[in-house]
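Contents: one structure, followed by commentary.
The values are calculated or read from the model by the stated rules, or taken from the named source; none is laboratory data. As the structure is a prediction and not an experimental result, all values here were calculated from the model. In this analysis, Cβ positions are derived from the backbone assuming ideal geometry, glycine residues included, and neighbour counts consider all displayed protein chains. Keep in mind that these areas ignore ligands, DNA and RNA; they rest on the heavy atoms of the full protein, side chains included. Shrake-Rupley method; radii C 1.70, N 1.55, O 1.52, S 1.80 Å.
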Amino acid sequence: MRHVAIVGSGPAGYYTAEACQKQFGDQVRIDIIDRLPVPYGLIRTGVAPDHQSIKGVSRRYEATALSDNVRFVGNVTVGKDVAVAELLDLYDAVVLATGAPADRALGIPGDDLPGVVGSAAFVGWYNGHPDFADLAPVLDGPGAVIVGAGNVALDVARVLAKTGAEFSGSDIVGHALDSLDRAMNERITILARRGPHQIAMTPKELGELGHLERAAPRVDAADLPPEAEDAALEPGLRKSVAHLRSFAASDVEKPITIEFDFYAMPIAIEGDGKVERVIVERTAIDDEGRANGTGETYVIPAALVVSCIGYRTPPIEGVPYDAKLGRFANDEGRIAPGLYAVGWARRGPTGTIGTNRPDGFMIAEQIADDTAEDYGKNGRAGLDLLLRDRNVDIVTFRDWQKIEAAEISAARDGSPREKFTSIDAMLAARAE
Ligand code: NAP
């Protein structure tokens with residue numbers, strides 16, 4: 001029997017559990033530990049609430065969670081309630097699947113002014129993450145500036161621009177829906193430090209901006225490279241660029257403009273005690289594809305700046321960490337004997353949800369290669385004893401099902417659920 005602890009119950013965690021089941025059959029016991037009382041990580045608190053079909057993958061994780069040899073251990077923070085070294089004593093393998101839930105700083109003057117938020121915080125706020133429920137972003141004002149040209153920038157622009165009615169069928173939390181419905185930012189600017197051929201936006205997600213009720217995307221045709229050059233792009237990017245071309249050709253006017261500002265890099269954020277303007281420098285791309293400032297600057301008035309420039313994995317005490325890359329130091333997933341990283345905690349915040357599946361299978365194979373069948377470790381019995389001694393209030397999968405039932409019954413019309421946004425409320429719902 002192998003005892004495996006997986007830290008983190010998002011896609012990387014559940015795919016690793018599924019892979020370990022395939023690898024070891026009934027000769028494995030898997031504990032999936034999460035610091036929140038609710039499972040599914042990025043699926044619950046990262047994927048946009050109006051992308052319910054993507055969130056549907058949690059049903060697959062549920063099937064894994066409900067199997068006999070897999071257990072959910074919620075409301076337990078590794079590094080605080082239990083140390084990694086203690087887990088390594090109890091389990092044959094400890095897999096860190098903690099994702100990349102922290103924002104990377106913009107690193108420019110004024111990036112700490114009220115009104116500057118990272119995408120982890122902003123996305124967490126509209127998705128009901130307990131850490132960010134009180135964010136209260138400023139949604140009115142001269143404009144909102146989004147930094148970055150990836151899919152998270154698109155999520156943020158779309159959510160800022162949608163009407164309340166357009167969130168029908170979504171599970172956006174009530175506090176965000178009310179604020180967004182009342183908000184009216186006439187200009188949302190997406191700052192891309194490089195050009196249309198260097199965006200990290202996928203076609204389906206970019207195309208959605210062309211179908212919003214009260215907002216229209218705008219691209220300056222002068223920023224687009226000659227059309228013949230699109231032929232050399234990989235097919236997905238070529239489709240994305242085709243969307244940009246259609247936005248540039250469109251003369252549709254709507255109350256909100258989503259402006260794509262290419263070759264534009266924020267160099268300072270200014271204001272009297274809060275964000276009032278972003279100072280932007282025009283860039284040019286060098287032969288290595290890097291954006292360099294040209295010295296030409298201009299000002300964009302704004303009350304909200306959301307930086308969507310990627311994420312990092314928070315360190316855990318006792319685990320080797322690569323501060324430059326913002327993730328655990330690892331060699332193809334191996335950190336130290338018995339200790340592994342998987343998903344975004346291993347490779348950084350790239351790829352789709354599905355990319356984490358082969359990642360999980362790779363780690364399961366490594367565990368098979370590195371460990372023998374029975375070291376006589378204590379596994380979950382040992383963890384239970386240790387957590388009971390420390391009065392840690394474990395949330396089981398059965399408890400989560402009660403929390404979920406309460407969320408479903410509290411849903412507004414047409415919405416799948418109304419999420420609890422505090423840990424206390426989640427814990428209280430177990431008793432219902
Ligand atoms: P991303 O795809 O890595 O995009 C980050 C963007 O930020 C890039 O355009 C990058 O520009 C820019 N950037 C980085 N540092 C910057 C700086 N200091 N100043 C200005 N711009 C900067 O990251 P993401 O949007 O956070 O997405 C993370 C992952 O989740 C991606 O794989 C994404 O596809 C995925 N995702 C998918 C969906 C979906 O499929 N619906 C939704 C959300 C997220 P450079 O290219 O110049 O570095």
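A few comments on the model shown:
- Couplings 3J(HN,Hα) of segment 233-238, computed from phi: 7, 5, x, x, 5, 4 Hz, in residue order, whole Hz [Karplus 6.51 cos²θ - 1.76 cosθ + 1.60, θ = phi - 60°; x for Gly and Pro].
- Solvent exposure ordering (accessible area, 1.4 Å, most first) of Tyr375, Tyr263: Tyr375, Tyr263
- Residues Leu385 and Asp424, FRET efficiency given R0 of 22 Å [Cβ-Cβ distance, rounded to 0.05]: 0.25
- Listed residue (Gly338, Ile316, Leu385) projecting farthest to the positive dipole end of the chain, Cβ model: Leu385
- Computed from Cα atoms, the angle from the helix 356-370 axis to the main principal axis of the chain rounds to 30 degrees.
- Area accessible to solvent at Arg238, 1.4 Å probe radius, in Å²: 100
- Overall form of segment 11-113 per C-alpha gyration tensor (a/c, 1.5; a/b vs b/c): oblate
- Multiplying the residue separation of Asp134 and Arg398 by 0.36 nm and removing their Cα-Cα distance gives an extension gain of 92.2 nm.
- Rounded percent of accessible protein surface that carbon and sulfur make up, the chain, 1.4 Å probe: 50
- Magnitude of the charge dipole, the chain, Cβ model with Lys/Arg +1 and Asp/Glu -1, debye to 20: 520
- Cα-based shape type of segment 103-307, given that a ≥ b ≥ c are square roots of the gyration tensor eigenvalues and the cut on a/c is 1.5: oblate
- A straight line joining the Cα centroids of segment 377-391 and segment 14-37 runs 18 Å.
- Here the gap between Glu332 and Ala232, fully extended at 0.36 nm per residue and compared with their Cα-Cα distance, gives a gain of 32.9 nm.
- Proximal lysine pairs, the chain, alpha carbons under 28 Å, eight or more residues apart or interchain: 21
- Phi angles of segment 93-101 translate, via the Karplus equation with coefficients 6.51, -1.76, 1.60 and θ = phi - 60°, into HN-Hα couplings of 9, 10, 10, 8, 10, 8, x, 9, x Hz per residue; Gly and Pro are given as x.
- Distance in nm between pseudo-label sites at Ala222 and Glu317 (7 Å out along the Cβ direction from Cα): 5.7
- Using the 1.4 Å probe convention, the accessible area of segment 103-307 works out to 43 Å² per residue with neighbouring protein chains retained.
- Nearest-ten-degree value, helix 11-24 long axis tilted from longest Cα axis of the chain: 40
- Amide H contacts of Val173 (H built 1.01 Å from N, under 5 Å, at least 5 apart or other chain): Gly128
- DSSP bridge analysis restricted to the chain gives an antiparallel fraction near 35%, rounded to the nearest 5.
- Comparing Glu186, Glu317, Glu205 in a Gaussian network model of the chain (Cα springs below 10 Å), the most mobile by mean-square fluctuation is Glu317.
- From most to least packed by mean Cβ count within 10 Å, the peptides 155-163, 405-413 give 155-163, 405-413.
- Shape call, the chain: gyration tensor on alpha carbons, a/c limit 1.5: prolate
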